[in-house]
Amino acid sequence: MTTETNLPSLRDLSPSINRSTEQASSVNINDNFQWTKQWYPIAVVDFLEPTRPHQVQLLGQDLVLWKDGTGQWRCFEDACPHRLAPLSEGRVEADGTLLCAYHAWRFEGTGKCVRIPQALDAATESEICANVKACALVYPTQEQQGLLWVWGESGKEALIESQSRQPRIISELETNSDQVIKLFWNIRDLPYGWDFFMENVADPAHVPVSHHGLVGNRYRDAMYYDMPRIREISTQEGFSFGVTTTNPTVIGAVHDFQPPCLMKISSTFTDGGQLILVLYATPTRPGWCRHIGCQILVKNNEGKTPKGLAFFALPMPPWLGHVLASLFLHQDLVFLHYQEKTLLKQQSEKWLDAVYTPNPQDKMVITLRQWLQKRAGGGVPWFGGSNLMYPPPQSDKRQLFDVWTTHTQHCTVCQKAVSRIERLKAVSYAGAILLLLVALMVDARAVSVQAALMRTGESFLGIWPPVSFWVLFGLAALCGTTGYLLQKLSRLFYVYEFDHAQNH
């Protein structure tokens with residue numbers, strides 16, 4: 001039997017912690033965190049439609065993503081330099097340029113304007129295009145681990161600075177080991193801010209309560225535990241905390257915050273397997289953030305795959321994982337949306353003055369707020385400053401559960417899936433109607449035959465419909481039920497409402 005002294009300590013659970021600590025040691029802790037000089041994950045490449053531009057937001061700035069003729073994803077400010085029309089309303093042309101649909105100016109991937117059809121002649125057009133004012137504002141981009149990353153500033157200097165810093169990628173995904181299994185990426189725009197997302201995932205105490213019935217039990221699993229500090233707070237590299245546990249199959253967990261966008265939660269099991277939750281959050285605009293996440297399963301030395309988060313680790317196509325993610329995300333959503341609005345109403349200068357946090361389970365949340373206040377300027381510096389306002393609290397909670405505009409309309413995988421499901425639903429309902437009509441015709445024929453037999457005085461088998469009727473009726477019911485279930489599944493692509501009072 002393995003003794004407790006042979007098990008790794010919380011400090012040994014994540015190899016990335018020691019690496020981050022070494023990086024942090026060379027950084028002056030008094031440096032203020034610079035939000036714009038960072039890489040942010042903004043999209044999952046496989047979910048983007050490459051033939052059209054995509055409007056996104058980062059730090060309050062409107063941006064457009066598009067794929068140029070070289071096959072590279074580009075990011076521009078979403079404003080044509082001519083008259084500031086949104087380039088996201090334009091077109092990606094066959095020659096790989098981005099066309100502004102207002103006056104047909106065209107831009108190549110570097111931002112250079114290459115076509116102005118209103119110019120007097122070719123020489124004049126070339127002269128105007130050579131003017132720096134005709135260029136689109138370009139934000140550096142790169143693809144890593146299936147994600148499209150965007151730098152928080154534009155311009156030539158930003159391009160140079162961006163090359164000196166790496167995105168917060170996951171080291172385990174760089175190993176190419178058969179022991180590492182990455183599950184599908186999920187992406188969702190959430191109606192609460194970056195800070196409340198990070199606060200939530202720094203708080204494991206809420207999990208069995210908020211996610212009752214899905215991950216734990218609110219009556220049985222809400223209990224005391226400690227959160228020892230694993231990595232000391234650093235302005236540039238964040239910090240991490242462990243989680244003690246009474247679960248006999250788990251050694252412990254580590255919540256590792258790596259600014260500006262990553263919370264990496266690593267749970268190590270007694271048999272050596274590991275579950276890693278990769279939780280990215282990108283600040284898009286006040287009161288909103290974009291979450292991108294996945295699970296990573298690391299097999300133990302015997303090749304056993306560890307258990308994942310609830311049923312989300314079961315084999316399933318990405319589109320099904322995306323729609324089922326609402327079952328989990330929406331259990332927190334209302335809390336976090338209204339928490340943020342309540343804090344804004346109180347206008348407390350210090351977060352700790354507005355809350356009461358007497359238990360050690362809040363250690364990491366407190367540290368996060370301290371990092372934000374003392375080392376990161378107090379919060380996200382939105383582009384546009386005071387011109388950007390936080391939206392008011394949503395009076396109709398049903399609006400918070402919108403899935404279409406926060407995910408489906410941006411995800412080609414889900415758009416294709418919902419289209420197929422709608423077609424299958426239509427076929428199922430049509431089949432049900434057709435089979436029912438045939439069944440009624442068969443029954444009507446049987447009735448007419450029986451009536452004829454009665455007139456001639458011959459015997460008959462009673463008034464019950466024949467077996468063929470019941471077979472057809474059963475098939476019609478099966479098709480109708482299938483159509484109904486497909487309709488329920490299709491609805492998950494548009495909206496999923498949740499009420500904790502009904503979650504028994």
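Any chance you could give the angle, 0 to 90 degrees and rounded to 10, that helix 318-346 forms with the longest Cα principal axis of the chain? Orientation of helix 318-346: about 50 degrees from the principal axis.
Highest mean first, the peptides 335-345, 290-300 sorted by other C-beta atoms within 10 Å per residue fall in the order 290-300, 335-345.
Here residue 491 and residue 370 are evaluated by their C-beta separation; at R0 = 51 Å the FRET efficiency comes out at 0.75. Between residue 209 and residue 270, the contour length at 0.36 nm per residue exceeds the alpha carbon distance by 19.5 nm. Measure nothing but the geometry: give the 0 to 90° angle between the long axis through the Cα atoms of 15-25 and the longest principal axis through the Cα atoms of the chain, rounded to 10°. Computed tilt is about 30 degrees.
Mind pulling the angle between the C-alpha long axis of helix 412-456 and the longest principal axis of the chain? Nearest 10 degrees, somewhere in 0 to 90. So the helix axis and the longest Cα principal axis differ by about 10 degrees.
Label point 7 Å out from residue 316 along Cα-to-Cβ: which residues of the stretch 149-192 have amide N under 13 Å? Of the residues in the stretch 149-192, 184-186 have backbone N under 13 Å from the label point off residue 316. Working note: 222 nm ellipticity from helices only, DSSP H runs with n ≥ 4, each -39,500 (n - 2.57), summed and divided by the residues of the chain, gives -10000 deg cm²/dmol to the nearest 500.
Accessible surface calculations at 1.4 Å, restricted to protein heavy atoms, place the stretch 207-264 at 37 Å² per residue. The simple Förster model, with R0 at 51 Å and r as the Cβ-Cβ distance, assigns residue 132 and residue 409 a FRET efficiency of 0.90. With contacts defined as alpha carbon pairs under 8 Å and 6 or more residues apart, what's the relative contact order of the chain in percent? It comes to 15 percent, rounded to a whole number. For the pair residue 169 and residue 142, label points projected 7 Å from Cα toward Cβ lie 0.7 nm apart. At full extension, residue 300 and residue 352 could sit 14.6 nm farther apart than now, given 0.36 nm per residue minus the alpha carbon distance. Full extension of the chain segment joining residue 93 with residue 179 gains 26.7 nm, where the gain is 0.36 nm per residue of separation less the Cα-Cα distance.
Size check on the stretch 301-440: the Cα extents along the three principal axes, sorted descending, read 73, 53, 29 Å. With all pairs of different C-alpha atoms in the average, the Kirkwood value for the hydrodynamic radius of the stretch 103-228 is 20.2 Å.
In the chain, the portion of solvent-accessible area held by carbon and sulfur atoms comes to 57 percent [1.4 Å probe, whole percent, DNA, RNA and ligands not counted]. For the stretch 308-373, the Cβ-based charge dipole about the Cα centre amounts to some 40 debye (Lys, Arg positive; Asp, Glu negative; other atoms uncharged).
Mind ranking 81-93, 301-313 by how tightly packed they are, going by the mean number of other C-beta atoms within 10 angstrom, highest first? Don't skip to the answer; put the middle values down first.
Working: 81-93: 17.4, 301-313: 14.0.
Highest to lowest by the protection proxy: 81-93, 301-313.
Using heavy atoms of the protein chains and a probe of 1.4 Å, the accessible area assigned to residue 390 is about 100 Å². With both labels modelled 7 Å from their Cα along Cα-to-Cβ, the residue 120 to residue 83 distance reads 2.1 nm. Taking the Cα centre of the chain as reference, the dipole from Cβ charges on Lys and Arg (+1) and Asp and Glu (-1) amounts to some 840 debye. Ordering 262-270, 49-57 by mean Cβ neighbour count within 10 Å, with the highest value first, yields 262-270, 49-57.
When all alpha carbon pairs of the stretch 266-376 are counted in 5 Å bins from zero, the resulting P(r) reads 2, 8, 12, 18, 18, 15, 12, 9, 5, 1, 0 %. Calculate, for residue 388 and residue 499, the FRET efficiency according to 1/(1 + (r/R0)^6) with r their C-beta to C-beta distance and R0 41 Å; round to the nearest 0.05. E(calc), rounded to 0.05, equals 0.80. When we measure straight from the Cα of residue 133, which lysines land under 27 angstrom away, once same-chain ones fewer than 8 places off are left out? Once the sequence-local lysines are set aside, what remains near residue 133 is 37, 67, 112, 156.
The values are calculated or read from the model by the stated rules, or taken from the named source; none is laboratory data. None of the values given here were measured: they were computed from a predicted structure. Ideal geometry is used to build each Cβ from the backbone, glycine not excepted, and the neighbour counts take in all protein chains shown. Just so you know, the surface numbers come from the protein's heavy atoms only, side chains and all, with ligands and any DNA or RNA stripped out. Shrake-Rupley method; radii C 1.70, N 1.55, O 1.52, S 1.80 Å.
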